[in-house]
1. Report the equivalent ellipsoid semi-axes for region 7-74 in whole Å, largest first, defined as the square roots of five times the eigenvalues of the gyration tensor built from alpha carbon atoms.
2. Could you bin all the Cα-Cα distances of region 375-476 into 10 Å bins starting at 0 and give me the percent of pairs in each, rounded to whole numbers?
3. For each of C460, C435, C398, C178, count neighbouring Cβ atoms within 10 Å of the residue's Cβ, then give the residues from fewest to most.
4. Please tell me which of these pairs span more than 30 angstrom C-alpha to C-alpha: K77/K443; K249/K443; K230/K371; K42/K102; K194/K335?
5. Given a cut-off of 27 Å, what percent of all Cα-Cα pairs of region 28-170 lie beyond it?
6. For the pair K26/F298, report the inter-label distance in nm, with labels modelled 7 Å from Cα in the Cβ direction.
7. Go ahead and estimate [θ] at 222 nm for the chain from helices alone: -39,500 (n - 2.57) per DSSP H run with n ≥ 4, summed, over the residue count, rounded to 500.
8. For the chain, which cysteines have no second Cys with its Cβ under 4.7 Å from theirs?
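Each reported figure results from applying straightforward, stated rules to the coordinates on display, with no laboratory input. If you're wondering where the values come from, they're calculated on a predicted model, not measured in any experiment. Every residue, glycine as well, gets a Cβ built from its backbone with ideal geometry; the counts of neighbours run over all protein chains shown.
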Amino acid sequence: MYDVLIIGSGVSGASCAYMLSKYDLKVAVLDKSNDIANGTTKANSAIIHAGFDPSPDTLMAKLNVRGVELAKEIAAKLDVPINNCGSLVLAFDDGDLEHIRKLYDRGCKNNVPGLELLDKEQLHELEPGISDAAVGALLAPSACIINPWEYCLAMLETAVVNGTELFLNTEAMGITDCGEYVSVETNNGAFEAKYVLSAAGVHAGDVRRLVEEPPYEIVPTRGQYFLLDKDEGTRVSRTIFQCPNEKGKGVLVSPTVDGNLIVGPDANVGGADDTSTDKEGLDAIRAAAVKSVPGINFRMNIRNFAGVRANSDQSDFVIEKSNAVPRFIDIACIKSPGLTAAPAIGEYVVEMLAAEGLQLTERPQFVDTRKRPRLGNISEEERNRLIQENPQYGRIICRCEQVTEGEIVAALHTPIPPTTINGVKRRVGSGMGRCQGGFCTPKVHEIIARESGVDMLEVCLEEPGSEILKYRSKENE
Ligand SMILES: Cc1cc2nc3c(=O)[nH]c(=O)nc-3n(C[C@H](O)[C@H](O)[C@H](O)COP(=O)(O)OP(=O)(O)OC[C@H]3O[C@@H](n4cnc5c(N)ncnc54)[C@H](O)[C@@H]3O)c2cc1C
C-alpha cells in the first residue's frame, strides 16, 4: 500500500513527488508514456514567468510568484540549466502603454519583485535588437529561462533517489474508492494508495471522469514554435513578449538556456495529443515575431515543434479534493504558467495532504543534490582529467552539440534511464543541434543497445512502434 500515488510524470506530478520525497512516505508515480514528461512539459516556451499576468488573489498568482523563488533554488541544488535573463513586454502604441501600466500594477499586487516601466530610450539601450517601433516596455528582472524537461527530470530523479517508485508504460484506467484507501486499476495491475493525486495535464478531465464528472472542461490548445540555430541565439538577451490578448501571452522571442532562439507560440484549439505544425500558423508567428525583433533570420530555423496547453473553461488552476472520492486530489487546468508554478503546486498539495491527515515525518537522510557531467560547461583542465579517468569522455558522438559518449553512457545509467533515442536526446542534447541527429543517431542507437543490453531492432526513436531498424540482413543473422 502506497501513502501517495501520483498519476502523471509531467512537471506537476514530478514536483509533488519531489516535495513528498522530503518525508518518510511510500510514494509511486505512474505514467502511461515510455518516458517521463512526454506531455506538455516536453514542449513549451520554457519561461519562468515573473507573475504579473495572473489576476491578483488567484491561486495561479500566488503559485506563480512562489514558483519563481523555488525554481531558482531547485535549479541551483539539482544542477538544472537556468538563466536569470529577465523579460520585457513591449508597447507599440498608447493602448499598449496603458496595458503595460496595468500589468505593472497587477504585478505589484502579486508581489513580483523589481518591475520597471521603461521608456523608448531605456528600452533600446537595454535591447538594441528590438524594433524601432517599440515605444516602451515593462521590465521584469525576476523572469528566467530554464530547460523544462530537465527541470522535471531533476525533481523526479531526486524523488526516485529518495525512494519514490516510478512506473512508466502504466496507464490509470479505473479508480475505486475502497474507504480507507483508493485502488487505481492500470494496464500493469492495480495500485493501492491512501491518497491519489491526478496530474494528468491535457488528460486531467479523462482521469477525473474515472471518479466523477469533472467540474471543468479542458480545451486543448496547441502552440507552435520555431527553434533557431545558435547563430541567432544572441538577437535578444531577454524574453521579449508583446502585449497579451484574449488568446494568451502572444508570440515571444527568447534566447534558450542552450543558446538557441525560440519564437512562438500561436494558439489553436484542437486534439489533446495533436502536436502537428502547419505552414499557415508558422507564417503568422513569423510575421508577429519580426514586429518585435525585425532582424530574425528564419533561414536559420532548425526545428518546428508544438505543445498542447491544458486550457479550460476555468480562469484559475483547479487543485481540489474530489467530492465522490475524498482521497483523490485533482491537479487540473494547469495551463501556463504551470511550468513556473510547478514546485509551488507541489508545496501546496503537500499542505493539502497534511490537512487531510497524512502524517509527515521528515526523511532523515533526504538527498537534495544532483550533478550531471556536462563537458561543454567545464574547464579544459577538468575535461582532461575526466577523459584520463574515462576515455569515453574524449569521444564526441554529437558533433553539433559536442556531446560525448561518456555523457550518453552516464545518462543511460541514471536512476531514470532513457530507453529511446529521443530520451537520450532530451537528457544530454545529442541530436538537438544544426543537423538534428543526422550524424549521431546511428551511434546513439548502438550505445543504447550496448549499454541497456537490448537488441538494436528493439530500440525506438520515441513511442512504441517507432523502431529505427525493422529487419536484420541475412549476413548479420
Ligand atoms: C505552447 C505552450 C507554452 C507554454 N509556455 C509556458 C511557459 O513559458 N512557462 C510556463 O510556466 N508554462 C508554460 N506552459 C504551460 C506548462 O508547459 C504546463 O502548465 C505544464 O507543463 C503542465 O505540466 P503537467 O505536469 O500538469 O502536465 P503534462 O506535462 O502534460 O503531464 C501530464 C502527464 O500525465 C500523463 N498521463 C495522462 N493521463 C494519464 C493516465 N491515464 N495514466 C497515466 N499517465 C497519464 C501524461 O502521459 C503526461 O506525462 C506552456 C504550455 C504550452 C503548451
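1. Largest first, region 7-74 gives 24, 17, 11 Å.
2. P(r) over region 375-476, rounded to whole percents: 15, 46, 30, 8, 1.
3. Working: C460 18, C435 15, C398 26, C178 10.
The order, fewest Cβ neighbours first, is C178, C435, C460, C398.
4. The pairs that break the limit, which is 30 Å between Cα atoms, are K77/K443; K249/K443; K42/K102.
5. Numbers: 3538 of 10153 pairs.
When all Cα pairs of region 28-170 are counted, 35 percent exceed 27 Å.
6. For K26 paired with F298, the spin-label model returns 5.6 nm.
7. Helices in the chain give a 222 nm mean residue ellipticity of -9000 deg cm²/dmol.
8. C16, C85, C108, C144, C152, C178, C243, C333, C400, C435, C460, each lacking another Cys Cβ under 4.7 Å.
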